[in-house]
Every structure is written in structure tokens, then in C-alpha cells.
Ligand SMILES: [Zn+2]
């Protein structure tokens, strides 16, 4: 993956290239952004640029031996660390390198846009959460101590650094404090506030913007060869989250499952039926944390679309014909005054769930708050 393969993000690409040209490259950069943006793509393209033998016009050449290895994600000085779960592969001391094949496959299949939930699915983590463990930090110290003969930079990409296990933090801090020469750490995060201050203070933060709707739309057209009009609808609904847009194109049936669950939830809220809240929440809480977060984000989009439909009479999302009548009926309950309450309540719940809040408790509170908000219509 090279800069030319990444949609939009022109300012970030320029910024990265300028850092190298002006000799201002620090040894640790935090790429901070949100789900479905270009963080990981940019990190990989930057690693390729740094090690290219003939970079020109603000990008790697794509042809030299280094670029060829970078493209296959098999460059000997490109190192990846990412969250894993120990119980999946029967190793007493699992590390990212045990999953490197799955990881390369994951990046290739998702163009580097996959979500944490997609990653867990691809390595069979169904319950609990993955972590970046201490073994990885030990391994990287060892690996970086070998002299590099063939490349300009050793690049360590640490994906979802907020998943760093707390006991592993001192090891990472030690490397960031005394970095080996010609080594660049790119830490990638979707939740900067969950990163230890001591780590933040040793890195330079680069904010990665979400894709624009145009970027997502162009990407979908190129990847799936779908009509521009259809791509634009998915792009708008996904709100710059390319991963969500891709999932919508690939599995329309899972969207409609999501949709059914959303409508079921909204019915309970509208009826303020206390007897139904607990069974719904109980059942819903069996989903893993990432799925719950995805559901809540989709619900926010659907609520916004309901307001749009209610006020303009138009739809901008791809909802199957069979669900239109239900959605139209529901939309009349969403108004400019209650949408603000929905937004705040759902976003706060997302924030707390991301910080390991108890899902059943938070979902119960949220549902009760939404019941009240509907009454304020
Ligand atoms: Zn090259």
C-alpha cells in the first residue's frame, strides 16, 4: 500500500512527507482517529515511503526491492503489533508474530480498513477482548536490537495501542524513552483518552480525519464496481466510516438484522414497556463489546435518517423496500427536539462502553432515557 492507493487525506500525506524532507521526524507518532478511517493505510504507506530507494512526487516508487516487500507486508524491518487473545492459539506465551499470516490476510482483504471487531472475527475471538501483551513488547526490544543492514528505517506499527495491557506499559515506555537509532514507532488509536499519559507525553500526535463522503463513495465504486448513486447512499449513511460502508455493501442481510433489532429496541422505548426492557437488554448483552458499539453507532445513523425522512420526506439510506413502511412509521416519532437527547444519551453510552463499562447496566439506563425522550416529542 502506497500513498497513491489511499483516498483523500491529502493534507496528512503532505504533512508526513514534509516531516521527512525537513528532517523533523520524531521517533514516535500517534495516529489518532476513528473507526473506518485511513490510519492503518497511512502508517503502512509511510513505512514504504521511508524505506523506498527512489521516492518521488511525495510517494514511494512502488518498484524498488523495498517497495515490493512493503507491498507484500513482508519487509524484514516492518513490524506489526496488534491485540490478540491468548486462548485462541495454544501457546503459553502468545504474541502478534503467531498471527502474522492472519494479519497480512486481514489487511489485504480489508484494504487496511477493517475494524477491531472484524479482526477479532477473523482470528476467532468471540468472547472477551484482545490485548497487546507484554510478550510483544519483549519481542520488539529483542528484534530492534539487531542491526539493520538493508533498510533506512525500522518501522513498528502498533495497532490499537489503547488495548495495551497495563503490565506491558513499562516495557513500551522504556523503548520509547531510549529508542534504537533509525526506528520509527507508529502508534495507532481510536481512543486517545484511554492511552496512558506517560505514553502520550513521549509521542507526537497526528490527527487523522474521517474520510469524506466523496472519498468513501469513490472507493466503493472502484472496489465493488457499483453505480455511483448507490455508492453515494452507502457513503452518506456511513458518515465517513469506510469500514461500515464496506460491511453494508458486502452483507446487506446483516444490515437488515441490525435494522430489525433497532426497530425492536425502538418499539420497547416508544411503548415505555418496563417489562420488556430487561429481557431485551439481557439478550442483547450476549453480543461482544465491539458488536454492541457497532449497533449503537448504526442506531445513531438510523435516528438521524429518521429525522431527515420526517422533515424532508426523503430517504438517503439504502433500506430494503420491505422495511420502508416500518421505518416511515417509526420516523414520525423523531423530532428536532428529541434527536439531541438521543444523540447525547447514545454517545455517552458509547463512551462508557468503550471504557469497559458494564453493558447490561448501561443499556438499561440508556433504554430508560430513550423512553423519556420519546415522551418529550
Ligand atoms: Zn521504492
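Worth a mention:
- The orientation-averaged shadow of the Cα convex hull for segment 146-251, equal to a quarter of the hull surface, comes to 9.6 nm².
- Segment 7-59 and segment 183-226: distance between their alpha carbon centers, rounded to Å: 11 Å
- Prolate/oblate/rounded call for the chain, Cα gyration tensor, a/c under 1.5 rounded: prolate
- Spread of Cα-to-Cα distances over 5 Å intervals beginning at zero, given as percent, for segment 204-301: 2, 12, 19, 19, 15, 12, 10, 7, 3, 1, 0
- Fraction of beta bridges assigned by DSSP in the chain that are antiparallel (%, nearest 5): 10 percent
- Report note on the peptides 34-44, 240-250, 172-182: ranked by the mean count of other C-beta atoms within 10 Å, highest first, their order is 34-44, 240-250, 172-182.
- Mean Cβ neighbour count within 10 Å, used as a protection proxy, ranking 221-231, 277-287 highest first: 277-287, 221-231
- Pairwise FRET efficiency - residue 340 versus residue 312, Cβ, R0 = 25 Å, nearest 0.05: 0.85
- For segment 3-207, alpha-carbon Rg over 2.2 N^0.38 Å: 0.97
No value in this document is a laboratory result; all are computed from the given coordinates. Just so we're clear, the structure is a prediction, and the values are computed from it rather than from any experiment. Note: ideal-geometry Cβ built from the backbone for every residue, glycine included; neighbour counts use all protein chains shown.
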